[in-house]
Amino acid sequence: MEYSDSDLQKYQKIAFDYALYRTGNIPAAEDISSQTISLFLLSFNNRSDARRWIINTSKNYCKKFFAKMKKEEKEKNTYREDMLQRISNHPGYEKDGLLHDAFKESFKSLNDMELKTIFYYFQCNENFKEMHSNIGGSYDALRKQISRIKNKLKAETFKRLGYIGSKRIVTPQLNNLIIKFLRRFKKNLEAGTIEKMYYYFSKVDLKNYNPTYEIKEILEYDIDLNDSIYKAWIFFKNKHNVIDSFYIDFFVDDKNHLKIVTPPTKTKKIVIIEPESEEGKQIKKLLDTYPIGKSGRPKIPEEEMDKIIKQFEEKQKN
């Protein structure tokens, strides 16, 4: 039986629309509708039942599509588990206690391409030049890709240990949330319109909140994570170009919005010590001497730090 072009276009649209409804995938729907029409032209002869035949045939091809997807997903999961196992057996993989567990979990945050890339990096004994000489391509692009993956693993590892040490190892998503909040807070603080940030402050009462400090420039922040609540210390320059700070407590809700628990509150004391100063070098020696605790911070005795700070403050007076 012959069919006009308009009939075939109509039937193919029926097949496509049904397949798209079932799969939610445009390329898959296009493929299924093409297969349906091809089979239709080869085997169908009853024009009165054409619509029903098109729908039923499309339904069968949809079932095959889902079966193929399920098989591919299973193979993908098997591949990822195999890759993770190979990475965990590599000599460069972290083996030590809690850090090992956190490091292992951090690899689950990588997509397949990141996982393959870091695995090959390990296979090259973490020698970037050797890796690049083998696979070619852009040197800078590959170097940046490895750096991003390593930073992602570091951030995820520290997050699982309950501590994020500085802006350099905060995830990009969290960093963007914090920076966005700080910019809005600075703008509304200057305009005296903190109440406009009601969505951020929906978990606190701002009736008696009246910050008097002025922020000229946000410099940096450090951050802790404890039981899903972040505490961030924000360092800024005030209108006199003096470095000052405040802290906030917040969490990130299921819609990826930052929710303030403790509004920006001035810290009691801040000491800035340059790394190359005498005191900075003393602190570096302490960092090399004392081990990192479970919180991700070195176990430096409080009296040792107090001694260095006192020495620094005495110099500032003279």
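Any read-out appearing in this document is the output of simple, stated calculations on the displayed coordinates, not a laboratory observation. What you see is a predicted model, and the numbers here were worked out from it, not measured in a lab. Here the Cβ is made from the backbone with ideal geometry for all residues, glycine too, and neighbour counts use every protein chain on show.
Over 29 Å between Cα atoms, which of Lys10/Lys64; Lys144/Lys259; Lys187/Lys299 qualify? In this structure, Lys144/Lys259; Lys187/Lys299 lie more than 29 Å apart at Cα.
Estimated from the Cβ-Cβ distance and a Förster radius of 41 angstrom, the FRET efficiency linking Asp288 and Asn208 is about 0.35. Between Ala141 and Lys187, the contour length at 0.36 nm per residue exceeds the alpha carbon distance by 12.9 nm.
Protection proxy ranking, highest mean first, for peptides 227-236, 139-148: 227-236, 139-148, where packing is the per-residue count of other beta-carbon atoms within 10 Å, averaged.
The shape of the range 172-266 can be summarised by an equivalent ellipsoid whose semi-axes, obtained from the alpha carbon gyration tensor, come to 20, 16, 12 Å from longest to shortest. With the simple model of a label 7 Å out from the Cα in the direction of the Cβ, Phe66 to Ile26 spans 2.4 nm. Over 18 Å between Cα atoms, which of Lys186/Lys237; Lys76/Lys255; Lys150/Lys180; Lys108/Lys154; Lys104/Lys154 qualify? Beyond 18 Å: Lys76/Lys255; Lys150/Lys180. Within the straight-line cut-off of under 19 Å between alpha carbons, the aspartates and glutamates reachable from Lys71 are Asp31, Glu81, Asp82, Asp112, sequence neighbours fewer than 8 places apart in one chain being disregarded.
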